[in-house]
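Below you'll find the structure, written out as structure tokens, and then a few comments.
Read the figures in this text as sums done on the coordinates, not as results from a lab. All of these numbers come straight from a predicted model, not from anything done at the bench. Here Cβ is always computed from backbone atoms with ideal geometry, including for glycine, and neighbour counts include all displayed protein chains.
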Amino acid sequence: MGAVKSPVLIKKGAEANLYLADWHGRKAVLKKRVRKKYRPQKLDEQIRTYRTIHEPQLMHEAKKAAVPTPRIFLVDVKNTTIIMEHLEGKQVKQLLSEVSSSARQHLCFKIGRLIARLHEHGLIHGDLTTSNMIMNSEGKVSFVDFGLGDRSEELEARGVDLHLMKRALESTHYRFAESCFKSVIKGYRSVLGAGRLKSVLVKIKEIERRGRYVAERRQEESSA
Amino acid sequence: MGKMKRKTKKGYCLGIESTADDFSVGVSTFDGEILANVIDAYIPPEGGIHPREAARHHAEVASKVLREAFTESEVKPRDLSVIAFSQGPGLGPCLRTGATVARALAAYLNIPLVGVNHCIAHIEIGKLRTGARDPVTLYVSGGNTMVTAFDSGRYRVFGETLDIALGNCLDVFAREAGLRQSEGMPFGALIEKLALNGRQLIPLPYTVKGMDMSLSGLLTAATTLLKKGECKLEDLCYSLQETTFSMVTEVTERALAHTGRKELLLTGGVAANKRLQSMIRAVAEEHGVHFNTVQTEFAIDNGAMIAWTGVLAYEHGVVTSIEKSFVKLRWRLEEVEVPWVQ
């Protein structure tokens, strides 16, 4: 990592610190997963190492699915650090409340398409929030932060992924969460078709029912 | 409690809690002085909580618990100005028993009834007892596992379990291990005690998805290892705690980073666990956030929290007519408008 110049802390996230730095003359982001003292050291090292290795792999595979992600420059497993391209643009989290209603629906439609492409290629993002999506001045949307991602073809995993997107909209953009999620769904359907969309929607319903009071649900089912 | 009672003009609110295995009655003044908080826990002879059995227990102890609450608070039924009850979420038969008692009292005394959301009541009593004003709350119990904070008129859920609750996960494992709970020594406390002698961290599935988590796969893995008999029970309890607590702590940390709040509130039955407290405290310190944990009496399911939330709601014009007082088994806290905050 000797080539890194003048790193500046830009974000202290929950699991990693992000630094803006110069890497061989390029503007780069350093993502360093830091030690979490609250959990046992062994578990902490396992989690950080696993995510440092998997995140760039998934980002690379996302590109094959035509989902834009930052280019990876270097993976330093020992220091649980990833050096990647710095993306110019704005977080979708910010944009959603700034733009017009039609632009918002269009943006959500695009996001739905990107999610569908990931799923089509057996990829699960694992943390679909609007802070993990960046749009540049040309309207290109990129996904970042694949640290909680996974490879899976299962309906369950896809359902949870979309459910998380819905939940993120509801907790952060509650004013227009419903219309935004509808547009996401439309975009998703435009890639995967109505049939596959329907089975995912049924799965989401099931996931939502699961959340609370297992004993009660069993009872409801047995008496039904 | 009790002796310094001030008689307020507005009188008192009596709150009834019966969402799961506890039947409890609390009395609160309109200033938030808790005058009584009587809790009667149902301990099944074996197995888990059967909703109908628990409801029968509630019906049997209801009049005794009510009487104790009146005695302890030195409040007469005629002094009450409002009756609050937990309307959901929870187990149907249990909720219905509490609601029936509440309706009968309100009708007999001819005073208003207020249906309270159980999860919101946990947060409100936590704020009252700790002085927290606008916290991120981690609420972990036998029925619920969620990270929530207030925003624009409602409490929003940032993270929660995708399947079973943390307390449920620990309880089921304890039962599978043949542990027996007793009064004052619930399953969670038994596991905590065993975990203290655990040394070996056994790998268990660690499943965090965004700000949500999944615990059912981990429970299955832990139970399978238990049945194989190759691991020490102490090590399994230790690993179960370390892994699940790390997951809820990671999710809590995400919510803190996401919301930028400066206070953290830990509540629910599992909040009594010292190891969990130390993990959450560590995260709070790292982010320069004020850490609050609720005393066990007000962290477990209790009537005082219902009484106090009833006061808040009633003072802001929220009342529940008898026709609308049906119980809501799956009443999510985001559905509830909260006019009393800000």
*For chain A, give the magnitude of the charge dipole about the Cα centre (Cβ charges: +1 Lys/Arg, -1 Asp/Glu; no others), in debye to the nearest 20.*
280
*With charges only on Cβ, +1 for K and R and -1 for D and E, what is the dipole size of the protein assembly as shown about its Cα centre, in debye, rounded to 20?*
1360
*State, to one decimal in nm², a quarter of the convex hull surface area for the C-alpha atoms of the stretch A:4-85, i.e. the direction-averaged projected area.*
5.7
*Could you work out the mean count of beta carbons from other protein chains within 10 Å of each residue's beta carbon in B:144-151?*
2
*Starting with the highest mean, order B:11-17, B:196-202, B:236-242 by the number of other Cβ atoms within 10 Å, averaged over the residues of each peptide.*
B:11-17, B:236-242, B:196-202
_Taking 8 Å as the Cα distance limit and 6 or more residues as the minimum spacing, I'd like the relative contact order of the stretch A:4-85 as a percentage._
25
*Express in whole angstrom the spacing between the alpha-carbon centres of the stretch A:118-133 and the stretch B:78-150.*
37
_Distance between the stretch B:173-195 and the stretch A:139-185 - C-alpha centres, whole angstrom_ = 38
_Overall form of the stretch B:276-317 per C-alpha gyration tensor (a/c, 1.5; a/b vs b/c)_ = oblate
*Work from the charge dipole of the protein assembly as shown (Cβ charges, +1 for Lys and Arg, -1 for Asp and Glu, about the Cα centre) and give the residue of B:G198, A:L58, A:A3 farthest towards its positive end.*
A:A3
*asked:* Just to confirm a number: summing +1 for Lys and Arg and -1 for Asp and Glu over residues other than B:A221 whose beta-carbon lies under 15 angstrom from that of B:A221, what do you get?
replied: -3
*Residues of the stretch B:31-65 with amide nitrogen under 20 Å from the 7 Å Cα-to-Cβ point of B:A104?*
B:38-42, B:52-65
*Spatially proximal aspartates and glutamates relative to B:K232 (Cα-Cα < 15 Å; intrachain offsets below 8 disregarded)*: B:E176, B:E192
*When you look at the Cβ of every residue in B:326-337, what mean number of other chain Cβ atoms sits within 10 Å?*
2
*Based on the mean of other beta carbon atoms within 10 Å per residue, what is the order of B:44-52, A:183-191, most packed first?*
A:183-191, B:44-52
_C-alpha long axis of helix A:214-223 to longest principal axis of chain A, angle in °_ = 20
_Environment charge at B:L204 (Cβ cut-off 13 Å; Lys +1, Arg +1, Asp -1, Glu -1)_ = 0
*Taking the alpha-carbon centroid of each part, what is the distance from the stretch B:264-342 to the stretch B:20-51 in angstrom?*
15
*In debye, nearest 20, what is the charge dipole magnitude of the stretch B:195-317 about its Cα centre with +1 on Lys and Arg Cβ and -1 on Asp and Glu Cβ, if you could check?*
300
_Using +1 at the C-beta of Lys and Arg and -1 at the C-beta of Asp and Glu, which of B:S239, A:A16, A:G89 has the Cα lying farthest in the positive direction of the dipole of the protein assembly as shown?_
A:G89
*Cα-based helix-to-principal-axis angle, B:166-176 vs chain B, degrees rounded to 10*: 60
*When Lys and Arg each count +1 and Asp and Glu each count -1, what net charge do the other residues less than 13 Å away from A:V4, Cβ to Cβ, add up to?*
+3
*Percent antiparallel among DSSP beta bridges with both residues in the stretch B:124-296, to the nearest 5?*
60
_Given A:K63/A:K90; A:K5/A:K37; A:K31/A:K140; A:K31/B:K227; A:K31/A:K110; B:K76/B:K262, the pairs whose alpha carbons are separated by over 31 Å_ = A:K31/B:K227; B:K76/B:K262
*If you take the C-alpha gyration tensor of the protein assembly as shown, multiply each eigenvalue by 5 and take the square root, what semi-axes do you get, largest first, in whole Å?*
43, 27, 23
*Place +1 on the Cβ of every Lys and Arg and -1 on the Cβ of every Asp and Glu in chain B, take the dipole about the Cα centre, and give the residue among B:S152, B:V136, B:G48 whose Cα lies farthest towards its positive end.*
B:S152
*Mind grabbing the base-10 log of I(q)/I(0) for the stretch A:90-210 at q = 0.14 Å⁻¹? Debye formula, identical points on the C-alpha positions, no solvent, two decimal places.*
-0.53
_With 5 Å bins from 0: P(r) over the stretch B:187-342, alpha-carbon pairs, percent_ = 1, 8, 12, 16, 17, 15, 12, 9, 5, 3, 1, 0
*Would you mind giving the three semi-axes, in whole Å and largest first, of the ellipsoid equivalent to the stretch B:91-234 according to its Cα gyration tensor?*
35, 21, 14
*Let me know the mean shielding of A:64-75 by other chains, meaning the per-residue number of their Cβ atoms within 10 Å of its Cβ.*
0
*Return one quarter of the surface area of the convex hull spanned by the alpha-carbon atoms of chain B, equal to its mean projected area, in nm².*
16.5
*Among the aspartates and glutamates, which fall within straight-line cross-link reach of A:K12, defined as a Cα-Cα distance under 15 Å, with same-chain neighbours fewer than 8 residues apart omitted?*
A:D145, B:E250, B:E253, B:E285, B:E286
*asked:* Please compute the contact order of chain A in relative form: average sequence separation of alpha-carbon pairs under 8 Å and at least six residues apart, divided by the residue count, as a percent.
replied: 17
*Mind jotting down a quarter of the surface of the convex hull over the alpha carbons of chain A, in square nanometres, one decimal?*
14.9
_Hits among lysines - C-alpha to C-alpha of A:K205 under 16 Å, sequence gap 8 or more where chains match_ = A:K166, A:K182
